[in-house]
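See structure below.
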Number of protein chains: 2
Amino acid sequence: MSEAKSAESRPYHHGDLRRALVDAARRLLEAEGPSALSLRAVAREAGVSPAAPYHHFKDKAELLDAVAQEGWEILGQQMSDAKAADQGLHQLTALGIAYVCFARDNPALYRVMYDAARDKEMLPAGMQDNKDSAYCMVRDTMIEHGADPTAEVDLELATVAAWCGAHGLAEMAGFKQFEHLKEQLGGERAFFDAVFGHMGLFPSMHGH
Amino acid sequence: MSEAKSAESRPYHHGDLRRALVDAARRLLEAEGPSALSLRAVAREAGVSPAAPYHHFKDKAELLDAVAQEGWEILGQQMSDAKAADQGLHQLTALGIAYVCFARDNPALYRVMYDAARDKEMLPAGMQDNKDSAYCMVRDTMIEHGADPTAEVDLELATVAAWCGAHGLAEMAGFKQFEHLKEQLGGERAFFDAVFGHMGLFPSMHGH
DNA sequence: AAGGTATCTTTACGGCGCTTAGATATGAAA
DNA sequence: TTTCATATCTAAGCGCCGTAAAGATACCTT
């Protein structure tokens with residue numbers, strides 16, 4: 001657990017403690033898992049007193065919110081990259097794979113993201129409006145591949161259905177029960193592909 | 001928060017403290033939510049000392065496991081009931097609706113169930129073998145409706161895909177973002193139906 | 001230079017999971 | 001029936017946690 005600066009060199013005023021705390025939290029999350037993510041541990045990791053974070057975050061939940069938000073942004077980027085880099089997949093499948101791979105590669109972060117969402121009973125606020133959010137990307141890709149943009153309810157339903165499938169798979173993929181399936185299919189990636197294949201992700205599959 | 005027996009009437013040896021603790025935990029869970037579910041609070045609710053639970057559970061996680069297990073059993077029963085009571089739905093849809101309704105009606109319990117699963121990185125142990133588990137019920141229903149039972153991998157994939165969809169919807173349904181969709185569709189139930197309609201749950205939809 | 005404000009530290013409170021040691025009841029062996 | 005090992009419970013305490021209050025320190029404006 002390294003600190004941003006050597007302990008004795010840091011001035012009394014940190015400079016950007018808020019940033020440093022979020023970074024420290026992500027470092028801890030990666031290294032020790034979600035259960036090790038206490039406010040005090042984050043403060044320790046950042047080299048400040050246990051009370052210091054309260055000048056930048058109302059409480060622990062607000063710190064975790066900041067961490068979660070960064071997670072959503074990274075997820076959006078990775079999905080955007082996956083859509084751009086054509087891998088010979090249907091673009092919706094490519095998005096789904098990118099989503100699930102993000103969850104596999106950042107399990108602790110993914111958990112913090114949805115823990116925060118469940119607590120507030122909502123996904124990040126701008127999700128359905130921010131053009132480069134993961135959610136909007138799915139919806140836009142639906143349109144690009146033939147979904148009727150004027151059938152708003154139906155478009156939203158298709159997006160939700162795809163989102164549900166991706167999130168469901170992201171959680172299931174971590175369970176030992178399905179290891180044998182991955183092996184039989186010749187790898188995790190093939191497993192993801194196959195499960196998505198069993199879901200009706202594509203608007204063209206439905207008579208709209 | 002009532003106790004099982006009035007405090008002074010309880011004998012030194014409780015009789016069935018293990019049972020009482022699980023019940024107390026479920027009562028607390030229902031009343032105060034998952035965050036209020038501390039071992040000490042459960043012990044208080046059951047009217048015993050904070051250390052008493054350790055004679056029946058190795059640690060807090062083991063208590064929560066017991067609570068979660070009851071959750072999975074109840075879920076299995078409710079899905080079984082839903083399958084038996086024909087509501088004019090495709091039986092797989094009926095199972096999915098029952099799954100999602102369970103999560104809606106027992107959000108805290110549902111959360112404990114999956115928190116435990118994520119911690120152990122596996123769903124309850126016998127899930128894929130116990131004839132009346134929710135999971136096996138889905139798989140069997142797939143077969144009853146035309147899935148090829150000898151195509152084992154494909155059958156498993158279809159079951160996983162349906163499970164992913166149901167779990168995904170169960171989590172999304174609690175988010176405020178989708179309230180307007182429920183309203184536009186004329187209710188929660190219609191929303192569930194519509195989302196499932198956008199997923200390829202039925203084996204007959206795929207060319208196997 | 002002075003004073004206000006933002007930032008950080010110190011200290012402290014109650015609650016938590018869990019451990020240890022001791023009290024009490026049960027039930028099997030003598 | 002007495003004995004005594006065992007199971008079950010309580011009491012006390014450890015280190016951790018989230019958070020609040022009050023004081024110290026540095027920065028910023030005037």
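The values are calculated or read from the model by the stated rules, or taken from the named source; none is laboratory data. Note that the structure is predicted; figures quoted are calculated from it, not measured. FYI the Cβ positions are ideal-geometry reconstructions off the backbone, even for glycines, and counts take in every protein chain you see. All accessible areas refer to the heavy atoms of the entire protein, side chains included, with ligands and DNA or RNA removed. Shrake-Rupley method; radii C 1.70, N 1.55, O 1.52, S 1.80 Å.
Considering (1) open to solvent by 40 Å² or more (accessible area, probe 1.4 Å); (2) within 11 Å of chain B (Cβ to nearest Cβ), the lone condition that A:P124 does not fulfil carries the number (1). Of all the listed residues (B:Q69, B:Q78, B:Q91, B:Q87), the sole one being more than 16 Å from DNA strand D (Cβ to nearest atom) and farther than 24 Å from B:A161 by Cβ is B:Q69. What number of residues within the stretch B:13-24 are within 10 Å of DNA strand C (Cβ to nearest atom) and assigned to a helix (DSSP H, G or I)? Residues flagged as within 10 Å of DNA strand C (Cβ to nearest atom) and assigned to a helix (DSSP H, G or I) within the stretch B:13-24 amount to 0.
Kindly indicate whether A:R27 is open to solvent by 30 Å² or more (accessible area, probe 1.4 Å), part of a helix (DSSP H, G or I) and within 13 Å of DNA strand C (Cβ to nearest atom).
Considered against the rule, which asks whether it is open to solvent by 30 Å² or more (accessible area, probe 1.4 Å), part of a helix (DSSP H, G or I) and within 13 Å of DNA strand C (Cβ to nearest atom), A:R27 comes out as no.
Annotation note: Cβ proximity below 8 Å between a residue of the stretch B:108-121 that is within 14 Å of A:P107 (Cα to Cα) and open to solvent by less than 10 Å² (accessible area, probe 1.4 Å) and a residue that is modelled with pLDDT of 95 or more and assigned to a helix (DSSP H, G or I) (sequence gap 6+ or interchain) occurs for B:A117/B:A68.
Scanning the stretch A:151-179 for residues that are of a type in the set (D, E) and more than 7 Å from every other protein chain (Cβ to nearest Cβ) yields A:E152, A:D154, A:E179. Can you name the number of the only condition in (1) within 16 Å of DNA strand D (Cβ to nearest atom); (2) within 14 Å of chain B (Cβ to nearest Cβ); (3) open to solvent by less than 10 Å² (accessible area, probe 1.4 Å) that A:Y99 fails? Tallying (1) within 16 Å of DNA strand D (Cβ to nearest atom); (2) within 14 Å of chain B (Cβ to nearest Cβ); (3) open to solvent by less than 10 Å² (accessible area, probe 1.4 Å), A:Y99 fails exactly one: (1). Among the candidates A:Q91, A:Q77, A:Q69, the residue that is more than 13 Å from chain B (Cβ to nearest Cβ) and over 25 Å from A:R18 (Cα atoms) is uniquely A:Q91.
The set of residues from the stretch A:118-136 being of a type in the set (G, A, S) and over 11 Å from the mean Cα position of the chain (by Cα) comprises A:A125, A:G126. Which condition number in (1) open to solvent by 60 Å² or more (accessible area, probe 1.4 Å); (2) more than 9 Å from DNA strand D (Cβ to nearest atom) is the one that B:H56 fails? Answer for B:H56: the failing condition is (2). Count of the stretch A:27-46 residues, restricted to those that are in contact (Cβ under 8 Å) with a residue 40 or more places away in the chain and either touching a Leu at 6+ places or on another chain (Cβ under 7 Å) or at positive phi (or both), is 5. Is it fair to say B:A117 is of a type in the set (G, A, S) and modelled with pLDDT of 95 or more? In short, yes. Can you pull out the helices (runs of 4 or more DSSP H) entirely within the stretch A:71-158 that have at least 2 residues that are under 21 Å from B:K176 (Cβ atoms) and in the same structural domain as A:F191 (by TED's automatic domain parsing)? In the stretch A:71-158, A:107-120, A:134-144 are the helices (runs of 4 or more DSSP H) which contain 2 or more residues that are under 21 Å from B:K176 (Cβ atoms) and in the same structural domain as A:F191 (by TED's automatic domain parsing). Condition first: buried (at least 20 other Cβ atoms within 10 Å of the Cβ), in contact with a Leu (Cβ under 7 Å, 6 or more places away or on another chain), facing chain A (nearest Cβ under 10 Å) and in a loop (DSSP other than H, G, I, E, B). Can you find one or more residues in the stretch B:180-201 that meet it? Yes, the stretch B:180-201 contains at least one residue that is buried (at least 20 other Cβ atoms within 10 Å of the Cβ), in contact with a Leu (Cβ under 7 Å, 6 or more places away or on another chain), facing chain A (nearest Cβ under 10 Å) and in a loop (DSSP other than H, G, I, E, B).
The number of residues in the stretch B:30-53 that are part of a loop (DSSP other than H, G, I, E, B) and near DNA strand D (Cβ under 8 Å from one of its atoms) comes to 5. The criterion of being under 14 Å from the mean Cα position of the chain (by Cα) and surrounded by fewer than 16 Cβ atoms within 10 Å (Cβ to Cβ) holds for A:Q77. Test B:L109 against the criterion of being more than 10 Å from chain A (Cβ to nearest Cβ) and under 17 Å from B:V67 (Cα atoms), and give yes or no. In short, yes.
Looking at the structure I just gave you, is B:L63 in a helix (DSSP H, G or I) and either among the hydroxyl-bearing types (S, T, Y) or within 16 Å of DNA strand C (Cβ to nearest atom) (or both)? So B:L63 fits the description; yes. Does the stretch B:32-42 contain any residue that is assigned by TED's automatic domain parsing to the domain that holds B:A194 and either within 15 Å of DNA strand C (Cβ to nearest atom) or among the basic types (K, R) (or both)? No.
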